[in-house]
Every structure is written in C-alpha cells, then in structure tokens.
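Have a look at the structure below before the remarks.
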Protein chains: 2
Amino acid sequence: MSQVKTVTAAMIIIGDEILSGRTKDANLNHLALWLNRMGVQLLEVRVIPDVAQVIQNTVNELRGGFDYVFTTGGIGPTHDDITAENVAAAFDVPFVQSEEAVRLLHQHYGTDNISEARLRMTMIPEGATLIKNPVSTAPGFQMGNVFVLAGIPVVMQSMLLDLEHRIFGGDKMVSKAIHVFEGESTFATILREVEAAYPDVALGSYPFYRHKRFGASFVLRSQVEKSLDQALEMLKGKIAETGKECFDGEAEL
Amino acid sequence: MSQVKTVTAAMIIIGDEILSGRTKDANLNHLALWLNRMGVQLLEVRVIPDVAQVIQNTVNELRGGFDYVFTTGGIGPTHDDITAENVAAAFDVPFVQSEEAVRLLHQHYGTDNISEARLRMTMIPEGATLIKNPVSTAPGFQMGNVFVLAGIPVVMQSMLLDLEHRIFGGDKMVSKAIHVFEGESTFATILREVEAAYPDVALGSYPFYRHKRFGASFVLRSQVEKSLDQALEMLKGKIAETGKECFDGEAEL
C-alpha cells in the first residue's frame, strides 16, 4: 500500500450564472472523468461568483492544497471576464500581454479585426504558458499548477487535449460496481464488514429509484486492483449468503 | 439602495460519487432556482468527499459566512453516510436519537422492520429539528442555520417543501435577458458603459454556440427592479445604435 502514488486536483467553477441557476454546469462531470483517466483524483470543487477577491482567495487556498487546480469560466472578452487578472493577482505577478496569443488572434481574425475587447483575451499572468483552444482560438493558460480554462463546455473540453502531456497522474483509481434491487439498509452490516476487511478499497452505497423500484449500487474503488477484486468477491459472497440477488454493473467510476 | 435586504446561502454537496464522475449532481440547479424564489442568493457551492474532517471544517467555515447553509447527501443507512454525525461534531453537540424520527420510521415500516441500519437514520445532532421527507420517510434536519438534506434529487426536492416557512428571504433578485447573434466582444464597450451607469445592476455576458451560430446572452440582475428596467433600456438603445439586432429572451435568472 505504501507504493501507491496518489495525485490530487481541485476545480473552481467561476460564474454567477451557475449560482443563480440560469446555467447548469456541464464541466464538472467531464473534468472528473478525464482526470480519472489521467490518474488524478478530483477531491474538491468550488463554485464561486465573479468577484475579484473571492477568485484570488480561492485560487490561493486550493493551489497549496492540491497537486493541480483547474478553473473554468470568466476568460472571455467582456467586462465580467475577470478570471485571468485575478489569477495574476493571486500569484502576485504582473498581468501582461502574450505576444503568442496576439499572433494567434491575428491569424484567426485577420489583423484588422482585433478589437480592444478581443485583445483582453491575450492578457495572461507573467510567466504563464498558453493552453491551445482549437475551437475558438482565444487560449487558456497554465500558471504554476493552476490551469485556467474556458467555461463553454465544447471549448473547455478541447483545451484538455493540450493538457494530456502536462498532467502527471499517479496510480489510477479503478472502480467496479454491483447493483441490488433492495433497500441498501438490508446490506449495511455486510458493507461495513467488507470495508473493514479492505482498508485500501473505498466502498460506496448509492441508493437509486428507477422504473418505480428502489435499489442500490455498491461501488468499490481502489488504486490496488488486486484488493478491489478480492473485496468484490467478498461482497458478492456475503450478498449470496442473504439469499438476495445482485447484478454486475458497468465499471462506472 | 441602502434599503435593499440581501440574504445569502451556501451549499455543500457531499459525495465521492460526484467527484469521481460516477454521478452527475442534479441538486445544485434545483436549489439555486428555489432559493431565488425564496429571495435568497446562493453565493458559494462546494463539492466535498465523504471524509469526516472535511465535512466538519466545511460546515463550520460556511455556516459563519452565510445566512443559510444547505447540505445534500450522506444521510442514508449505510457506513458511508456520515453527514449527520459530522454536523453534530461541527456544532460540538452530542449525536442523539430522535424519538420523533423513530416514531415516523415505525409508522412507515412497521415496528418489526426497523433494522439497526435504518435506526442510523434517526440519529441527529442534539437540538436539531426534523425536516419532513414525504417520499421515503427518513427525515433530514435543521441545526442552527444548517439544513441537512438527502442526496437523491426527488427526496431532496420534497424536503424543500418543509422549509418554505423556515427560510426568510430578502429582496428578490430580478433578472432580464436579451440575446444577440454576434460575438460578445462586439458589445464589450457598451456592456461596460451600462454596468458603470447602474451600480446596483449586475450585467453578465454569456457566449453560446447553438445551431452552429455563435451568440451571446446579456443577463441583467438586480434587487431594484426600476434600475433593472432602466439599464435594460440603455443597453437596448446602445445595441440599436450599432445597427445590430437583439432579441428579448425569457426572464431567465
């Protein structure tokens, strides 16, 4: 167990529109699944408003506590796009124009069509490196361990392509699930026994209500696949002893 | 403006399954819209894992900073449902059995069908009051300004019905939106002018990509409806001056 390497991340979703309910966030789930594939565990998400001091404080609190921090939202051309300048402030570095970003915008829009508003999108913290945006050109950036991404899901997702070689994951969290069509409380003692027997396996019980039936999914997660398989066998055996049926599920994470 | 009464809230989504990407949260958006109707502004959301100390720290940090705090998830009958005991720990009060909750479960399941696991769901912090669960009986609870709700959306939503008379909102945030089928950067200067002219109106610009067209929604929000209407007129006037068209939207929040 001491050989297991764990790499962690936090996410900051920046945007009044999520908090007001106007927009449903679609980036959390995508980032969570992408990070799993990269061998990184997402351990905290915060949704915060477009308020300068809140952005600075949150970035500074989380970048010290996690290996990687990802922000989404607030990097467009308008007055309410204040993420970039506040990441610069959080790192206490100047907010400067990226010549490379200017070149990219010129290439995309032509040299005559770069309004002052669009030039806002070429400003980054000094020392940051750009993150490519294959969808709409205006780049994100990486500053230290903080990755600043767009809020529009299609753009955010395309930016992750440029990060696959910048993120260094640990041992992947592997996950297996089984399901029962019974209230989870029936199996509470069994679940507790399995979790106690395998300290390196996390066992979650998730009740559901589907097709007018209550049931539960038992999800086992571990960075040690051998333990995961043994714990799953133990769980299946103990469920069989109760005379109840269980069903293999997809290996949902 | 000094007459405006603002009431604030934070939300804590407790669950490894959201952070791992296994489950998509469906409660944030519902709570945000419900709070709007109650005259309460949701100003921060945190998604955290099922870890005792993290739950305690997060509850304590947020209950001091906001008028109301809502948690979802982790109040079922199994070993990984640790929200209730950690809210008790956060308030530094004993974790006790609620006779009222026991009575409700007896009524629902019959006196012979109350397993030890189900009895876990009758434990609450000393001094807490129950929140009714019309869907599956096991109650949530209110402790101080913290409201502890179920994670299953249909149950969580039903619990809010019991809170309508316990939440005291301020002046409602009113919202109006218009849309353009142009890149938002075209209007960046106009938006800045409108926001500067009406300090009590928040103006957000949200780019979208729909039906293969880029566009933007401009959303004005204020607790002072008169200012909102004036700001909207100013914005429409300035957009008309550019020769571009704009479209009235739904009054999305």
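Determine, yes or no, whether B:Arg22 is open to solvent by 10 Å² or more (accessible area, probe 1.4 Å), at pLDDT below 95 and in the same structural domain as B:Ser158 (by TED's automatic domain parsing).
Details: open to solvent by 10 Å² or more (accessible area, probe 1.4 Å): yes; at pLDDT below 95: yes; in the same structural domain as B:Ser158 (by TED's automatic domain parsing): yes.
Yes, satisfied.
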>> When you scan segment A:75-86, do you find a residue that is of a type in the set (Val, Ile, Thr), in contact with a Leu (Cβ under 9 Å, 6 or more places away or on another chain) and more than 16 Å from B:Leu43 (Cβ to Cβ), even just one?
In response: yes
> Given the residues B:Lys172, B:Lys176, which is the only one that is within 13 Å of another protein chain (Cβ to nearest Cβ), open to solvent by 10 Å² or more (accessible area, probe 1.4 Å), over 18 Å from B:Gly76 (Cβ atoms) and assigned to a loop (DSSP other than H, G, I, E, B)?
Replying inline: B:Lys172
> Which of the residues spanning segment A:215-228 are farther than 20 Å from B:Gly15 by Cβ and either in contact with a helix residue (DSSP H, G or I) (Cβ under 8 Å, 6 or more places away or on another chain) or without any contact (Cβ under 8 Å) to a residue 40 or more places away in the chain (or both)?
Replying inline: A:Lys226, A:Ser227
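Any chance you could count how many residues in segment B:77-89 are small (Gly, Ala, Ser) and either surrounded by fewer than 22 Cβ atoms within 10 Å (Cβ to Cβ) or in contact with a Phe, Trp or Tyr (Cβ under 6 Å, 6 or more places away or on another chain) (or both)?
Initially, segment B:77-89 is screened for residues small (Gly, Ala, Ser), giving B:84, B:88-89.
Next, from what is left, pick out any that are either surrounded by fewer than 22 Cβ atoms within 10 Å (Cβ to Cβ) or in contact with a Phe, Trp or Tyr (Cβ under 6 Å, 6 or more places away or on another chain) (or both): B:88-89.
The number of residues fulfilling the criteria is 2.
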> Taking segment A:119-136 on its own, how many of its residues are open to solvent by 20 Å² or more (accessible area, probe 1.4 Å) and over 21 Å from A:Ala89 (Cα atoms)?
Replying inline: 4
>> Just the residues that are out of contact with any Leu (no Cβ under 7 Å at 6 or more places or on another chain) and open to solvent by less than 10 Å² (accessible area, probe 1.4 Å), please, taken from segment A:32-45.
In response: A:Gly39, A:Val40
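Filter segment B:107-118 down to the residues that are in a helix (DSSP H, G or I) and surrounded by fewer than 15 Cβ atoms within 10 Å (Cβ to Cβ), then identify the one that is nearest to the other protein chains (Cβ to nearest Cβ). Talk me through it step by step, then tell me what you get.
Our first condition is that a residue be in a helix (DSSP H, G or I); within segment B:107-118, this holds for B:107-109, B:111-113, B:116-118.
With the extra rule that they be surrounded by fewer than 15 Cβ atoms within 10 Å (Cβ to Cβ), the set shrinks to B:107-108, B:111-113, B:116.
Working: B:Gln107: 17, B:His108: 12, B:Thr111: 16, B:Asp112: 14, B:Asn113: 10, B:Glu116: 7 Å.
My answer is B:Glu116.
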>> I'm trying to understand the selection: among the residues of segment B:149-169, which are among the aliphatic types (A, V, I, L, M) and buried (at least 17 other Cβ atoms within 10 Å of the Cβ)?
In response: B:Leu149, B:Ala150, B:Ile152, B:Val155, B:Met156, B:Met159, B:Leu160, B:Leu163, B:Ile167
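I'd like to check something: does segment A:5-14 contain any residue that is part of a helix (DSSP H, G or I) and either more than 8 Å from every other protein chain (Cβ to nearest Cβ) or β-branched (Val, Ile, Thr) (or both)?
From segment A:5-14, those part of a helix (DSSP H, G or I) are none; that's our starting set.
The answer is no, given that none of the residues of segment A:5-14 is part of a helix (DSSP H, G or I) and either more than 8 Å from every other protein chain (Cβ to nearest Cβ) or β-branched (Val, Ile, Thr) (or both).
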> Taking into account only those residues within segment A:138-155 that are among the aliphatic types (A, V, I, L, M) and either within 12 Å of chain B (Cβ to nearest Cβ) or farther than 22 Å from A:Leu119 by Cβ (or both), which is farthest from the chain's Cα centre (by Cα)?
Replying inline: A:Ala138
>> I need a count of the residues in segment A:195-210 that are more than 7 Å from chain B (Cβ to nearest Cβ) and among the acidic types (Asp, Glu).
In response: 1
> Looking at A:Val59, A:Val96, A:Val54, which one is in contact (Cβ under 8 Å) with a residue 40 or more places away in the chain and not in a loop (DSSP other than H, G, I, E, B)?
Replying inline: A:Val59
>> Can you tell me how many residues within segment B:1-19 are at pLDDT 95 or above and open to solvent by 50 Å² or more (accessible area, probe 1.4 Å)?
In response: 2
>> Return the residues of segment A:211-243 that are within 14 Å of chain B (Cβ to nearest Cβ) and over 14 Å from A:Tyr198 (Cα atoms); say none if nothing qualifies.
In response: A:His211, A:Lys212, A:Arg213, A:Phe214, A:Gly215, A:Ala216, A:Ser217, A:Phe218, A:Lys238, A:Ile239, A:Thr242
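Quick check on my filter: what residues within segment B:195-230 are among the aromatic types (Phe, Trp, Tyr) and open to solvent by 40 Å² or more (accessible area, probe 1.4 Å)? It would help to see each step written out before you state the result.
Going through segment B:195-230, the residues among the aromatic types (Phe, Trp, Tyr) turn out to be B:198, B:206, B:208-209, B:214, B:218.
Scanning segment B:195-230 gives B:Tyr198, B:Tyr209, B:Phe214.
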> If B:Arg192 passes every condition in (1) more than 8 Å from every other protein chain (Cβ to nearest Cβ); (2) open to solvent by 30 Å² or more (accessible area, probe 1.4 Å); (3) at negative phi but one, which one does it miss?
Replying inline: (1)
>> When you scan segment B:27-38, do you find a residue that is of a type in the set (Lys, Arg), within 13 Å of chain A (Cβ to nearest Cβ), in a helix (DSSP H, G or I) and within 19 Å of the chain's Cα centre (by Cα), even just one?
In response: yes
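The values are calculated or read from the model by the stated rules, or taken from the named source; none is laboratory data. Here the structure is a predicted model, which is why all the values come from computation and not from measurement. In this analysis, Cβ positions are derived from the backbone assuming ideal geometry, glycine residues included, and neighbour counts consider all displayed protein chains. With ligands, DNA and RNA removed, areas are computed over all heavy atoms of the protein, side chains included. Shrake-Rupley method; radii C 1.70, N 1.55, O 1.52, S 1.80 Å.
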